[in-house]
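Trainee: Take a look at the following structure, please.
Derivation of every value follows stated rules applied to the coordinates shown; laboratory data play no part. All values derive from a computational prediction rather than experimental measurement. Here the Cβ positions follow ideal geometry from the backbone for every residue, glycine too, while neighbour counts run over all protein chains shown.
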Amino acid sequence: MTFAPRAEYSTFQTPFQEIAFERLRSTGLVLDVGGGGEGIVSRIEGSRVCAIDINLSEIREAQIYESAPQWIASDGESLPFRNAVFQTAAIWFSLDYMADWKMKRAVVREVLRVLRKKGSLSIMSSKIICREARFVLRMRYTLPDGSVYQTGYGVKGNQGQTMDRISDIVEQTGFHIAKKDDNGYWFHLEGIKK
Ligand SMILES: C[S@@+](CC[C@H](N)C(=O)[O-])C[C@H]1O[C@@H](n2cnc3c(N)ncnc32)[C@H](O)[C@@H]1O
């Protein structure tokens, strides 16, 4: 007798995505939400970054790259900052790790609070619409200095996360959408605080 694979144990893996990360366009202090793991924003922008992550182990992992951000262990839903202190914020592949939609919304709202007026938000995220229990975005990425790395971000599958759904949340929270870039398995959005 043969058994069909059970959907709850299955994994959807994307083909390797080639992603060339660029420097953030804005100046000033940068808040990086979920900035541990690969620690990409800190490796690109260095000491002007304040990187927060809910998992100390992810902060430790990112510290191997010896970049120079200010590291803070914190939940993105409740940031330990006053209102309107950052010029720029990045949420790169971190919303994917927050499968609960209330949490995704709360984090975007909290980022709005700590951004200055006209401050910019850059979001990169995976499109997670597979039926499988796990989703893995596989990527080969290049930093602005030309160095190349390979990684995979494994998260809960079947989240119904699309660029339009996240863009709606960003807009409803109080941002103008300045850029929408759909790359198939992942997307990049930019918002400006009204
Ligand atoms: C893909 S990983 C790191 C990606 C990182 N931004 C980068 O570009 O290399 C996503 C991170 O989000 C963090 N995270 C998940 N939920 C969070 C929350 N509620 N608040 C802060 N960080 C969170 C995880 O601990 C994890 O380190």
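Trainee: How would you classify the range 50-102 from its alpha-carbon gyration tensor, with a ≥ b ≥ c the square roots of the eigenvalues: rounded for a/c under 1.5, else prolate if a/b is greater than b/c, otherwise oblate? Walk me through the numbers on the way to the answer.
Mentor: Values: a/c = 1.76, a/b = 1.13, b/c = 1.56.
Oblate, since a/c reaches 1.5 and b/c is not below a/b.
Trainee: Sticking with this one: Using 7 Å Cα-to-Cβ label points, what is the R82/K180 separation (nm, one decimal)?
Mentor: Label at R82, label at K180, 3.7 nm between them.
Trainee: Can you tell me the relative contact order of the range 82-124? Whole percent, Cα pairs under 8 Å, sequence separation 6 or more. Don't skip to the end; give the middle numbers.
Mentor: Working: 47 pairs, mean separation 29.7, N = 43.
Relative contact order of the range 82-124: 69 percent.
Trainee: Under a Cβ-only charge scheme (Lys and Arg +1, Asp and Glu -1), can you give me the dipole magnitude of the range 64-194 about the Cα centre, in debye to the nearest 20? Working shown, then result.
Mentor: Details: 20 positive and 14 negative charges, 79 e Å.
Here the size comes out at about 380 debye.
Trainee: Turning to a different aspect of this structure: Calculated from DSSP H runs of 4 or more alone, at -39500 (n - 2.57) each and per residue, what is the 222 nm mean residue ellipticity of the chain, nearest 500? Display every interim value, and only then the final one.
Mentor: On the way: 4 runs with 39 residues, N = 194.
After summing the helix terms and dividing by residue count, I get -6000 deg cm²/dmol.
Trainee: While we're on this one: Along the charge dipole of the range 53-123, pointing to its positive end and built from +1/-1 on Cβ of Lys, Arg, Asp and Glu, which listed residue (A106, Q70, A84) has its Cα farthest out?
Mentor: A84
Trainee: Let me ask you something else. Scan the range 56-120 for GluC sites (Glu not before Pro) in coil per DSSP, keeping those whose Cβ has at most 10 other Cβ atoms within 10 Å, and list them by number. Display every interim value, and only then the final one.
Mentor: On the way: sites: E58, E61, E66, E77, E110; in loops: E66, E77.
Answer by residue number: E66.
Trainee: Another question, if that's okay. Classify the range 89-153 as rounded, prolate or oblate from the Cα gyration tensor: take a ≥ b ≥ c as the square roots of its eigenvalues, call it rounded if a/c is under 1.5, otherwise prolate when a/b beats b/c and oblate if not.
Mentor: Numbers: a/c = 3.49, a/b = 1.17, b/c = 2.97.
In terms of gyration-tensor shape, oblate.
Trainee: Going through the range 1-104, which chymotrypsin sites (Phe, Trp or Tyr not before Pro) have at most 10 other Cβ atoms within 10 Å and a DSSP loop state? Each step should come with its number before you reach the end.
Mentor: Details: sites: F3, Y9, F12, F16, F21, Y65, W71, F81, F86, W92, F93, Y97, W101; in loops: F3, F16, F21, Y65, F81, F93.
Here the sparse-neighbourhood loop sites are F3.
Trainee: Taking every DSSP beta bridge with both residues inside the range 1-108, roughly what % is antiparallel (nearest 5)?
Mentor: On the way: 0 of 11 bridges.
Antiparallel: roughly 0 percent of the beta bridges in the range 1-108.
Trainee: Relative contact order for the chain: what is it in percent, counting Cα pairs under 8 Å that are at least 6 residues apart? Numbers along the way, then the final one.
Mentor: Numbers: 436 pairs, mean separation 46.3, N = 194.
Dividing the mean separation by the residue count of the chain yields 24 percent.
Trainee: A follow-up question, please. Between the range 159-173 and the range 75-118, how far is it from one alpha carbon centroid to the other, in angstrom?
Mentor: 14 Å
Trainee: Something else: Relative contact order for the range 82-186: what percent, with Cα pairs under 8 Å and sequence separation of 6 or more?
Mentor: 29 percent
Trainee: Ok, one more. Is there a quick way to get the dipole size of the range 89-147? I mean about its Cα centre, with the Cβ of Lys and Arg at +1 and of Asp and Glu at -1; what is the value in debye to the nearest 20? Walk me through the intermediate numbers first.
Mentor: Working: 13 positive and 5 negative charges, 62 e Å.
Dipole size: approximately 300 debye.
Trainee: If you take all C-alpha pairs in the range 1-97, what percent of them are over 23 Å apart? Intermediate results must be reported in sequence, preceding the final value.
Mentor: Working: 1613 of 4656 pairs.
Here the tail beyond 23 Å accounts for 35 percent of pairs.
Trainee: Evaluate 2.2 N^0.38 Å with N set to the residue count of the chain, then give the Cα radius of gyration divided by it. Before the final figure, lay out the partial values.
Mentor: Values: Rg = 16.5 Å, N = 194, 2.2 N^0.38 = 16.3 Å.
With N residues counted in the chain, Rg over 2.2 N^0.38 Å equals 1.02.
Trainee: Which residue, chosen from L137, S126, L56, occupies the Cα position most advanced towards the positive end of the dipole of the chain, where the dipole is computed from +1 (Lys, Arg) and -1 (Asp, Glu) charges on Cβ about the Cα centre?
Mentor: S126
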